[in-house]
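Right, one structure below, let's go through it.
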């Protein structure tokens, strides 16, 4: 079966909005969601983050979950995005019972555990909450309000988790195992990984500036994104209208270092190359790249090198949207895939906010407004610790007519 | 499509003798309620310079992976696909314990780096210089089933010719205490254990232990074990098979490998070894059935 898998539904939540409508407004108005944290309890309140401006109580109210029930924030964010994705796809409970749910997360329910860890060790506290700790607990809590999927699993490849969930979902459809797969990822802020990134000294105390000469680290973010993939024949039979198509993808391993990228961006290069190959496209077909662009000195240099290896002197418009949302880690691949769908449908290139000055060897990102642009094919990159590098190739509905 | 898939090699580190199949004829009888694994001499496999900064689970994963690859005659696999329900808990607990006890300053990154679930798959890739497909599944007792299904899908789509597939979970003292508090481990049941299992899948039958006829992971619990078993054989094209079929279940294998979220991986490993040694012609594994999803795998002799 050739690629060109219809994306018939999408949902997103991040620091710049709950839902595709608010997200689009923020992207068009270049409104960043990064600022001081309000809900995360941490000694590092001075570190700016892209926190979703909703408390757990407000998220529960939106989802109709009783206030006394304890649910990981990752799942509370996931529920919002999943609700929108299933709604736009028009899936019934019957459809869901035959579909697969592939979710990416790394943090899982550690926000619940980090408040109670010492209690658990001394045999105190509600023991049932321990079962919310692992990644699976979060995935199940995310899908629970919507019914039972036929198959669920969780991918945990750090910051490329959601992108790899979409790739696995597409492969399940291509192999004929499922007609509908809901795939993406969710991740909330936690003290655990804020401190992890802080101990690696890759967090900026200012707002991040992807691809800028003065970039000095990332800001953590949170959120969730899901897409509904459907086999072409099933989508047609159901009368589902595609929002876009997934026409290629690549998963490669940098195999260089546990937390650093290779200088020439080997993994990133291989992932983008495979995405182009599977789509049967050439670099000149690409109209926009949503870069991983975390704003760490290492990532942006390595990714620029990889982009040059793919595109040479004919660099398409490239931007990182981390300046809007912060780095939403495991969820970034699917959140940014939804951004790409919005960009293709609305015909605009997201401006790389925070950027002023190029660095030697660095790409010059999109820095001016552009509307009415015809965007046919985009690459959306997501790279994770351990060199888990993935790239999605998304195409507008017009390219498939 | 569909390409035939074979299990070339499979090995384990568990409460039984490591990297060996002695458990088939003379299993170590399990006693007590908590058993750590019998580790091999790691320095026989990993230079101390390299293993110095690896946690116990990483060492086990590296050893089972590299032994499985050597037995399969493969240096660099096309794909590395790993399951781990909880990841490197030793490191997670250290980092979390420090935050909870000492606050959010003066933390060193090593434990954090090793606590992300994908650290196992990526460390193996770094050691082997393997730039191919690399993925990690963390989904309770179906972590391994998800990884195995992914490998089978990649092969059936013709994307890869071989894959290193593993599943690794450790039970530290703290994990044991917490999961006992949560009711996952309990007295009178099989003891809490640890498991590290690696196997090599290939489209090449030469020297293989067995053929992987089908793999599925499902959430539904409404069907009876008998239905699951019959459907699995039908799916594997063995509905009319009248030979020697063994059913491998959690009930049968927890007395040998204990209770652990990676148990389905041990069951598939055991099935592959039993078919490979001629103990049965077909093995049907129904793993993780006491949890929220089950992994159903059918293995047969190569034919």
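Within segment B:5-300, DSSP assigns beta bridges of which about 65% are antiparallel (rounded to the nearest 5).
A Gaussian network model of chain A, with springs between Cα atoms under 10 Å, assigns the largest mean-square fluctuation among A:46, A:179, A:134 to A:46. Comparing mean-square fluctuations of B:110, B:203, B:171 from a GNM of chain B with C-alpha springs under 10 Å, the top value falls on B:110. Across all C-alpha atoms in segment A:56-125, the radius of gyration and Dmax reach 15.3, 47 Å.
Centroid-to-centroid, using Cα positions, segment B:21-68 and segment A:1-53 are 43 Å apart. Pairs of Cα atoms nearer than 8 Å and 6+ residues apart set the relative contact order; for segment B:1-129 it is 22 percent.
Peptide packing: for B:70-83, A:218-231, B:204-217, B:240-253, the average count of neighbouring Cβ atoms within 10 Å per residue gives the ranking A:218-231, B:70-83, B:204-217, B:240-253, highest mean first. Taking every DSSP helix (H) stretch of at least 4 residues in the protein assembly as shown, weighting each as -39,500 (n - 2.57) and dividing the sum by the residue count yields a mean residue ellipticity at 222 nm of -10500 deg cm²/dmol.
Segment B:163-182 and segment A:338-360 have Cα centres lying 42 Å from one another.
Ordering A:58, A:29 from the fewest to the most neighbouring beta carbons within 10 Å gives A:29, A:58.
The mean number of Cβ atoms from other chains found within 10 Å of a Cβ in peptide B:90-100 is 4, as a whole number. Mind running the shape call on segment A:245-396? Use the C-alpha gyration tensor, a ≥ b ≥ c as the square roots of the eigenvalues: rounded below 1.5 for a/c, prolate if a/b tops b/c, oblate otherwise. Here segment A:245-396 falls in the rounded category. Peptide A:131-144 shows a mean partner chain C-beta count of 4 within 10 Å per residue C-beta. Distances over 28 Å make up what percent of all Cα-Cα pairs in chain A? Value for chain A: 40 percent of Cα pairs lie more than 28 Å apart.
Exposure proxy shown here: for A:324, A:288, the number of other Cβ atoms within 10 Å sets the order, fewest to most, as A:288, A:324. Here the peptides B:123-131, A:164-172 are ranked by packing, the mean other Cβ count within 10 Å, and the order with the highest first is A:164-172, B:123-131.
Counting neighbouring beta carbons within 10 Å and listing from fewest to most, the residues B:269, A:39 come out as A:39, B:269. Between segment A:247-267 and segment A:293-332, the alpha-carbon centres lie 13 Å apart. Take each residue in A:108-118, count the other chain C-beta atoms within 10 Å of its C-beta, and the mean is 3.
Since every read-out is calculated from the coordinates, none of them should be taken as a lab result. Please read all numbers here as calculations on a predicted model, not as lab measurements. Here Cβ is always computed from backbone atoms with ideal geometry, including for glycine, and neighbour counts include all displayed protein chains.
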